[in-house]
Amino acid sequence: MTHSFFGGVYPATRKDMTRRKPMTRLSRTPREIVIPLLMCADGPATPLVRPGDPVTVGQPIARRGETGAAAHASISGRVSAIEHRPHPWGGISPAIVISNDERNEPYAGQLPPLDPRQFTLTQVLERVEAAGVVGMGGGAFPTQDKIALSAGKVDTLIVNAAECEPYVTADYRLLLERSENILRGAQALALCLGAERVAVVTEGDKLNAVEAVERRLRRKGASRVQILPVRTRYPLGAEKQIIQTVTGREVPPRGSPLDVKCVVFNVATVYAIHDALFQGRPLTHRAVTITGGAVTRPRNLWVPIGAPLRYLLEACGGLKEEPDRMLIGGPMMGIALTNLDAPVTKDTNCLVCLTGWEHKPDTPGGICIRCGKCVAACPMHLAPTIIRRALEDRDLTRLSKYHLEDCNSCGCCSFICPAQIPLVETVAQAASFVKREGAPQ
């Protein structure tokens, strides 16, 4: 049984360009790989190598210090520089640049697989941290911290394969093609956390992925694991909304999933956890969708982390026309990309190159007609138009009462607004204003 959540919108999915395209490895790896030290919301990692050092595939090249997540070479070769390079999150960031020797030599010090009948929570935490696993659905928080906080406090583990953003199909293809490893990783994670129930959630229009998972569940007789196909509605994949859909429990304002005994992991993160535990492999590759009306041959690719986005685009035949907009991630919450030299990071799931007809034009916001559509669409029960008026009045007292911290920047309000007012940006500005000025006493 599934439940529902408040609000949401129904944007055109536009997944047909890539949903039937299997994950494909690059025919040749790039001549140069750029591994940013900043690939974790916690902060940058600390380099373990210097220019001139030889590296092999899977070798640790950066470690977690006070911040960051471990990083590993995704090709073999030699470190040519540690310097500032373009970052897909915006601006520039320190990065380790590796020149490819095209040998793909594996790292000799790869960790041995763990025995699932004997591993402990401490072993799992150490292995996940050593593998450099972070949230791969966009959060990019250290996964071992999330496991440590959740252990013994949850009864439901949710594997998030909803992928409600338009255009993106990387998680769908991963679930379809590698479901056995994902289920094994989810079961190990549930055992480690003490979760009684595991729900793999995907959208109901992905029936072949649902059938693939169901076949494996029947064969293995995994009683605590179930696949839940859910009606397509954005933002189903958001943490609080997917929890409410699966369990009927609502995360309280300013609360966390642990308050309702739930924890959510993206499907790609669960796959990376499987590789770390059962194959001793660190996080060096991931699935990325290259798509959009401007792309010659949209595809799903299995790529080394650090590969330049420009190289992936060339592997898809390049651009057939000049894109009007390029985004990392989907069009609802994606980050505008200005430099194709930026590399794939651990949370990069999609590069979308949009033509003019594929998105709303960037016109100045009109006058609010007080239709209330933004209020009805907001899944977090906020009132964006009222927040906007309070911000215009610089009314700190009113703004501090509107639960601005609950906004998840899903973009439903901006999408639904007939006046094309950039409401999601307005709410973010209001939150910054309150933070800067301080809530009134």
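The values are calculated or read from the model by the stated rules, or taken from the named source; none is laboratory data. What you see is a predicted model, and the numbers here were worked out from it, not measured in a lab. Backbone-built Cβ (ideal geometry, glycine too); neighbour counts: all protein chains shown. Note: accessible area is taken over every heavy atom of the protein model, side chains too, but ligands, DNA and RNA are not part of it. Shrake-Rupley method; radii C 1.70, N 1.55, O 1.52, S 1.80 Å.
All conditions in (1) in contact (Cβ under 8 Å) with a residue 60 or more places away in the chain; (2) closer than 30 Å to Leu236 by Cα; (3) of a type in the set (A, V, I, L, M, F, W, C) hold for Met1, with the sole exception of (1).
Remark: pairs (first residue in segment 126-141, in contact (Cβ under 8 Å) with a residue 24 or more places away in the chain; second residue among the charged types (D, E, K, R) and open to solvent by 10 Å² or more (accessible area, probe 1.4 Å); Cβ separation under 6 Å; 6+ apart in sequence or on different chains) = Met136/Asp347; Gly138/Asp347; Ala140/Asp347.
Among the residues of segment 100-128, those identified as of a type outside the set (Asp, Glu) and closer than 13 Å to Val55 by Cβ are Asn100, Arg103, Asn104, Pro106, Tyr107, Ala108, Gly109.
Of the helices (runs of 4 or more DSSP H) entirely within segment 344-441, those holding at least 3 residues that are crowded, with 21+ Cβ neighbours inside 10 Å occupy 384-392, 412-416, 423-437.
Yes/no matrix, rows are residues, columns are (1) at pLDDT below 95; (2) under 21 Å from the mean Cα position of the chain (by Cα); (3) among the hydrophobic types (A, V, I, L, M, F, W, C):
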position: Ile243; (1), (2), (3): no, yes, yes
position: Thr247; (1), (2), (3): no, no, no
position: Ser256; (1), (2), (3): yes, yes, no
position: Asp259; (1), (2), (3): no, no, no
position: Cys262; (1), (2), (3): no, yes, yes
position: Asn266; (1), (2), (3): no, yes, no
position: Thr269; (1), (2), (3): no, yes, no
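Segment 116-201 holds helices (runs of 4 or more DSSP H) entirely within its bounds, and those carrying 1 or more residues that are out of contact with any helix residue (DSSP H, G or I) (no Cβ under 9 Å at 6 or more places or on another chain) and more than 18 Å from Asp42 (Cα to Cα) map to 121-131, 179-193. Condition (residue is over 30 Å from Leu207 (Cβ atoms) and free of Cβ contacts under 8 Å to residues at least 40 places away in the same chain) applied to segment 21-44: is it met by at least one residue? Among the residues of segment 21-44, at least one is over 30 Å from Leu207 (Cβ atoms) and free of Cβ contacts under 8 Å to residues at least 40 places away in the same chain, which makes the answer yes.
Scanning segment 41-83 for residues that are within 13 Å of Ile305 (Cβ to Cβ), under 22 Å from the mean Cα position of the chain (by Cα) and not in a loop (DSSP other than H, G, I, E, B) yields Ala62, Ala71, His72.
Within the option set Arg127, Arg117, Arg64, Arg85, being at pLDDT 95 or above and open to solvent by 50 Å² or more (accessible area, probe 1.4 Å) holds for one residue only, Arg85.
Ile96 passes every criterion in (1) part of a strand (DSSP E or B); (2) surrounded by fewer than 16 Cβ atoms within 10 Å (Cβ to Cβ); (3) not polar (S, T, N, Q) apart from (2).
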